[in-house]
Structure formats: structure tokens, C-alpha cells
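J.: Submitted below is the structure of interest, expressed as C-alpha cells.
Bear in mind that the values in this text are calculations on the coordinates, not laboratory data. Predicted model only: the values in this text are computed from it and were never measured. Every residue, glycine among them, receives a Cβ derived from its backbone with ideal geometry; neighbour counts consider all protein chains shown.
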Amino acid sequence: MAIRVLAVDDAPFKKGVDKWTFIVCLLFRDLILEKAIKARIEVDGSDAEEKIVEVVNNLRGEVNILMLHGTTMGGFNMINLSSLHNKLGIPVISFLERAPRDDLVVHALKSAGKEDKIEDFLRQPKYTPFKTKYGIIHCLFEGINEREVEEILKRYCIESKFPEQLRIANIVASIARC
């Protein structure tokens with residue numbers, strides 16, 4: 001059975017210069033790209049989660065799994081996976097090459113004048129490491145269990161430790177500038 005995956009990553013931006021950037025959302029049927037959508041978000045803002053919800057809702061039930069490259073988009077525009085899962089009712093998985101170090105993130109938030117986001121960051125569950133044939137990847141997930149995450153990694157890690165859908169979203173997002 002084909003799984004419809006929405007893979008989301010953020011576009012690059014110039015820190016301290018750009019006020020806006022994009023999230024790039026690619027809808028796949030298994031490994032077949034079917035739709036590409038972008039949504040503008042505020043750099044270091046608080047609208048990334050809301051924009052993702054809008055994109056998924058506009059796809060009217062087409063998305064079975066949401067894959068994110070991390071839980072921050074556009075700098076410190078943070079996403080709460082539990083909240084996102086509750087709003088959408090679909091499994092949500094965040095993937096990172098390395099788990100975030102709390103001390104470094106807290107320091108970065110303080111340095112950026114974003115102290116109001118520290119508590120939200122520290123409340124997040126910790127990333128779980130998973131072994132792929134390409135190395136270790138760290139995942140945070142809601143609405144799906146560890147065994148199911150392992151199955152997704154086995155099925156979709158084609159060219160790297162990231163699922164192919166998210167690897168492609170990262171490539172596309174790298175050229176999407178405001």
C-alpha cells in the first residue's frame with residue numbers, strides 16, 4: 001500500500017537581514033513526487049506550525065505521515081510535535097543528523113534574545129537515535145511508535161540516513177529563497 005508523505009524543510013535565509021523565509025512542502029506517494037507547495041514563515045517567528053497545519057488541511061486528507069527536518073524552521077520558529085499531531089491527527093516525525101544539545105540551544109536562544117522560547121524547547125521530548133544502513137539518525141515522533149519509525153527508515157532510506165522524501169525536500173528547499 002502506498003503511503004502519502006508530506007516532507008517539510010525550510011529554505012535558507014540571511015540571519016539578521018531576512019525577515020521571511022519559506023517552508024517547502026513536498027507531497028509524495030511513496031517515492032513519487034506529486035505536489036510541491038511553499039509557505040512563507042517569519043524568521044525566528046512563531047508561525048511555522050500554523051503554516052504546516054494550513055498546508056496539510058489544504059491537501060484535504062491526502063497526507064498519511066508528516067516528516068520534518070527538525071523542529072525549528074526559519075531559525076527559531078519552533079514546532080511542537082505533540083501539538084502538531086493533535087491538530088492534524090496524523091503521525092509526525094522529525095529527523096536530525098545529530099540530536100540537539102540543550103546547553104547549546106539555550107545559549108543560542110539567549111544570544112538571539114529569544115528567552116521566551118527556552119521553556120518550550122526544554123519541554124520537548126528528547127530525540128531517539130535509530131540505526132540506518134547509512135548511520136545513525138535522530139528522530140522525535142508523535143502518533144507513531146518506534147517499530148513503525150524503524151520500518152519507515154528501512155523502506156525509505158535510499159541514498160542517505162534521511163528518508164528519501166525528506167532528502168529531496170532538503171535539496172529543493174536549498175534553492176527556495178525569498
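J.: So in segment 25-40, with the set limited to residues that are in contact with an Asp or Glu (Cβ under 8 Å, 6 or more places away or on another chain) and within 17 Å of Val92 (Cβ to Cβ), which one is surrounded by the most Cβ atoms within 10 Å (Cβ to Cβ)?
T.: Here the answer is Phe28.
J.: Can you tell me which residue among Leu84, Leu104 is more than 9 Å from the chain's Cα centre (by Cα), loosely packed, with under 14 Cβ neighbours inside 10 Å, without any contact (Cβ under 8 Å) to a residue 60 or more places away in the chain and part of a helix (DSSP H, G or I)?
T.: Working: Leu84 fails: loosely packed, with under 14 Cβ neighbours inside 10 Å.
Result of the check over Leu84, Leu104: Leu104.
J.: For segment 107-118, give me each residue that is part of a loop (DSSP other than H, G, I, E, B) and either of a type in the set (A, V, I, L, M, F, W, C) or in contact (Cβ under 8 Å) with a residue 24 or more places away in the chain (or both). Reasoning before the result, please.
T.: Step one: list which residues in segment 107-118 are part of a loop (DSSP other than H, G, I, E, B), which gives 112-114.
Hits for segment 107-118 are Ala112, Lys114.
J.: Which of the numbered conditions does Glu164 fail, given that it passes all the others? Conditions: (1) under 23 Å from Pro12 (Cα atoms); (2) acidic (Asp, Glu); (3) exposed (fewer than 14 other Cβ atoms within 10 Å of the Cβ).
T.: Condition not satisfied by Glu164: (3).
J.: Could you tell me how many of the residues in segment 119-131 are surrounded by fewer than 15 Cβ atoms within 10 Å (Cβ to Cβ) and assigned to a helix (DSSP H, G or I)? Walk me through it before giving the result.
T.: Kept after step one, since they are surrounded by fewer than 15 Cβ atoms within 10 Å (Cβ to Cβ), are these residues of segment 119-131: 119, 122-123, 125-126, 128-129, 131.
So of that shortlist, the ones also assigned to a helix (DSSP H, G or I) come out as 119, 122-123.
Final tally of qualifying residues: 3.
J.: Taking segment 137-158 as the search range and keeping residues that are in contact (Cβ under 8 Å) with a residue 24 or more places away in the chain and touching a Phe, Trp or Tyr at 6+ places or on another chain (Cβ under 9 Å), which one is nearest to Pro100 (Cα to Cα)?
T.: His138
J.: Could you list, in sequence order, all residues of segment 87-96 that are touching a Phe, Trp or Tyr at 6+ places or on another chain (Cβ under 8 Å) and either in a helix (DSSP H, G or I) or surrounded by fewer than 19 Cβ atoms within 10 Å (Cβ to Cβ) (or both)? Talk me through it step by step, then tell me what you get.
T.: So in segment 87-96, the residues touching a Phe, Trp or Tyr at 6+ places or on another chain (Cβ under 8 Å) come out as 91-96.
Passing the criteria: only Leu96.
J.: Ok, one more. Cβ-Cβ distance below 7 Å, separation of 6 or more or different chains: which pairs start in segment 160-177 with a residue that is more than 17 Å from Met73 (Cα to Cα) and end on one that is among the β-branched types (Val, Ile, Thr) and in a helix (DSSP H, G or I)?
T.: That search, which allows pairs on different chains as well, returns Pro163/Ile152.
J.: Residues to consider are Gly61, Gly45, Gly75, Gly70; find the one that is in contact with a strand residue (DSSP E or B) (Cβ under 6 Å, 6 or more places away or on another chain), part of a loop (DSSP other than H, G, I, E, B) and on the phi > 0 side of the Ramachandran plot.
T.: Details: Gly61 fails: in contact with a strand residue (DSSP E or B) (Cβ under 6 Å, 6 or more places away or on another chain); Gly45 fails: on the phi > 0 side of the Ramachandran plot; Gly75 fails: in contact with a strand residue (DSSP E or B) (Cβ under 6 Å, 6 or more places away or on another chain).
On inspection, the qualifying residue turns out to be Gly70.
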